[in-house]
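The values are calculated or read from the model by the stated rules, or taken from the named source; none is laboratory data. If you're wondering where the values come from, they're calculated on a predicted model, not measured in any experiment. Counting neighbours? That spans all protein chains shown, and the Cβs are built from the backbone with ideal geometry, glycine included. These area figures cover heavy atoms from the full protein model, side chains too; ligands, DNA and RNA do not enter into them. Shrake-Rupley method; radii C 1.70, N 1.55, O 1.52, S 1.80 Å.
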Amino acid sequence: MFVEPEDYLEGVCPLGRPGFMRPAPRPEPAGRIPLPEIIAECDEYFNSNDSARLGEHLRFWRRRAQELGDESGELSILSELMGHYRMQRDEERALAAVRDGLELMKLLDVYGTAGGGTILINAATALQSFGHFGEALRYYAEAFRCYNASLDPMDMRFAAAHDANGESAHAEAYYRKALDILQHHGNLMDSAVTYINLAQLYDRQNENDSRVAEMLDLAMGCFDDPAAERG
């Protein structure tokens, strides 16, 4: 998910800051980085399991965005870097990406928008993965406020948000909400992953829980379904 100007110019959450507290408009950049092409190349590196080149690619384009003064482009790259460093277990750089991304969100006044909610989910997931649970829950809550103000409850972005927040005290409820949305959209592959998440949750609670096998059977049913999209 990357952020374009229309994302942060959309109507904001009524819980957001009043107009007089919002930052001044940002200066126009000298140019903009080509986000669709950048993200497509990220996907290629990710699919080929080339994490080193993926990191280099993202860092290069962050520097280029900074040179152009393309703050919205830089924010999109930082959102990707949060996830990249989280998966690489690079805590120092992940937390730096979160810090810099949240600061840019304030400057661009992205809080309260759907695009901002997605970035907050990425930040919260990174914080959670390194044990910063209190901060993570704060940003999960803020992301849900953004989504609730901007999106239909059946929007696919809610599914990702519920699934990402599945390690909280309400894990099962979040996974079930994610499943409702995924099934509404006929998304079999992500439904299968969510069933597996539920199986892991039940197994952690009680390894003899019969629901573990039930969830795995449901996941396999999704994988085996001829309608499942494979790529």
* region 83-109, residues that are surrounded by fewer than 16 Cβ atoms within 10 Å (Cβ to Cβ) and either charged (D, E, K, R) or out of contact with any Ser or Thr (no Cβ under 8 Å at 6 or more places or on another chain) (or both) -> Arg89, Glu91, Glu92, Ala96, Arg99, Glu103, Lys106, Leu107
* To do: Could you list, in sequence order, all residues of region 186-231 that are under 24 Å from the mean Cα position of the chain (by Cα) and open to solvent by 90 Å² or more (accessible area, probe 1.4 Å)?
  => Gln200, Glu229, Arg230, Gly231
* Asked: Looking at this structure, is Ala126 hydrophobic (A, V, I, L, M, F, W, C) and either under 15 Å from the mean Cα position of the chain (by Cα) or not in a helix (DSSP H, G or I) (or both)?
  -> yes
* Considering only residues that are under 18 Å from Asn148 (Cβ atoms) and in a loop (DSSP other than H, G, I, E, B), look in region 162-195 and name the one that is modelled with the lowest pLDDT. => Ser168
* Asked: Do we find that Arg53 is touching a Ser or Thr at 6+ places or on another chain (Cβ under 6 Å) and of a type outside the set (A, V, I, L, M, F, W, C) in this structure?
  -> no
* Only one of these is in contact with a Cys (Cβ under 8 Å, 6 or more places away or on another chain) and either of a type in the set (Gly, Ala, Ser) or modelled with pLDDT of 90 or more (or both): His57, His84. Name it. => His57
